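The values are calculated or read from the model by the stated rules, or taken from the named source; none is laboratory data. Remember, predicted model here, so these are calculated numbers, not experimental data. Using ideal geometry, Cβ is built from the backbone for each residue, glycine included, and neighbour counts are taken over all protein chains shown.
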Amino acid sequence: MSTDVQIILVAILVGAAIFAIAYALFGRSIKQKEGAQQRMQAVARNGRRETVDESRRGDPEAKRRKAVQQQLKELEKQQRAKRKSVSVRMKIERAGLSISPLTLHLGGGALGLAVAVALLVGGYPPIVALCGGIALGFGFPRWLLSFLAKRRIKRFTAEFVNAIDIIVRGIRSGLPVNECLGIIARECRAPVSDEFQTIVAGQKVGVTVDQSLEKMLERIPTSELNFFAIVLAIQQKTGGNLAEALSNLSTVLRERKKMKGKIGAMSSEAKSSAMIIGALPFLVMMLVHFATPDYLMPLFTERMGNMLLLGGAMWMSMGVIVMRKMINFDF
């Protein structure tokens, strides 16, 4: 088989791998979104029919449900309008850092330059040094922001249920909501205390609780905080027992946390297997390299070897992504 034919075959394999990765990433999510939209439309149609029938009979409970549905629709429209690309400054705020975007970019550029120079001094080709510098200079700061943001959101979610319980006990004992928010800002652990201190400070300069919660949702984009904001917004506009609503929300969030822990325990074996399978090719490659260094050198020195490495990396990435989707549960 000639070299040109081999290159064409490798290109076809790489293209197929890219298509498979794209399908694994986006195909299922698109189908799930379409199915969810269809189910939401069906539920909305049924809800409108029931609301119309009951409102014709003059049921006050139906009127109240209709008002709640309208408030939910308005909140959903507002959240949908704000779902845009997250800026670098917002990513920094989510990570809990107090640096500017310029400082982040300068740090990433300095890191990339240092890595590129180190690779050149180590005797690597310029193309390898350039790729390594770009990968770490651009990728590492963003990965670090994502890691810190996820860790901060996880800590917030773990402490947020206790904050809701403080509000429930405070309201039942006769304290106003604003005083309960101040207690959370003083007594709870970070980052919950930090976020509620921002709400309390905003109230002193005329910022409403709804506006502060909208800003907090941008920094802490969790469903738990979203539920809390929706409950407060509906209670302020339609009335009702806030303590009972927040108590029910606290119960739901605690059960959700228990379910998440059970799912994590049940999927731990699958995650360990996926990590071992994903690391096995690299471990075998290192062992072969240490045993017979010249055996794998054609993969790095020959053009055909480079193409094979690229194709193998694509296929392996596809397998890792598929395994990740199989062991991750969204509920």
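Based on what the data block shows, is Val117 assigned by TED's automatic domain parsing to the domain that holds Asn226 and either of a type in the set (S, T, N, Q) or at pLDDT 90 or above (or both)?
yes
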Quiz item: Within region 169-187, can you find the residues that are among the hydrophobic types (A, V, I, L, M, F, W, C) and under 34 Å from the mean Cα position of the chain (by Cα)?
Solution: Ile171, Val177, Cys180, Leu181, Ile183, Ile184, Ala185
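Which one of these is in contact (Cβ under 8 Å) with a residue 40 or more places away in the chain, surrounded by 11 or more Cβ atoms within 10 Å (Cβ to Cβ) and within 21 Å of the chain's Cα centre (by Cα): Lys237, Lys325? Reasoning before the result, please.
On the way: Lys237 fails: within 21 Å of the chain's Cα centre (by Cα).
Exactly one residue qualifies, and that residue is Lys325.
Would you point out which residue out of Val288, Val252 is at pLDDT 85 or above, in contact with a helix residue (DSSP H, G or I) (Cβ under 9 Å, 6 or more places away or on another chain) and surrounded by 12 or more Cβ atoms within 10 Å (Cβ to Cβ)?
Matching residue, one of Val288, Val252: Val252.
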Self-check item: Qualifying positions in region 165-206 - closer than 19 Å to Ser247 by Cα and polar (S, T, N, Q)
Solution: Ser173, Asn178
Quiz item: Of the conditions (1) over 25 Å from the mean Cα position of the chain (by Cα); (2) over 30 Å from Ser173 (Cβ atoms); (3) surrounded by 12 or more Cβ atoms within 10 Å (Cβ to Cβ), Lys260 fails just one. Which one is it?
Solution: (1)
Exercise. Select from region 166-194 the residues that are loosely packed, with under 15 Cβ neighbours inside 10 Å and in contact (Cβ under 8 Å) with a residue 12 or more places away in the chain and list them in ascending order.
Key: Arg172, Asn178, Glu187, Arg189, Ala190
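Output yes when any residue across region 271-280 is closer than 20 Å to Leu309 by Cα and of a type in the set (Gly, Ala, Ser), and no when none is.
Here is the first cut: in region 271-280, the ones closer than 20 Å to Leu309 by Cα are 277-280.
Next cut, of a type in the set (Gly, Ala, Ser) only: 278-279.
Yes; the residues of region 271-280 include at least one that is closer than 20 Å to Leu309 by Cα and of a type in the set (Gly, Ala, Ser).
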Quiz item: more than 29 Å from Phe160 (Cβ to Cβ), assigned to a helix (DSSP H, G or I) and at pLDDT 85 or above - does that describe any residue in region 264-276?
Solution: yes
Self-check item: Selection count, region 196-225, where residues are under 25 Å from Ser146 (Cβ atoms) and free of Cβ contacts under 8 Å to residues at least 12 places away in the same chain
Solution: 1
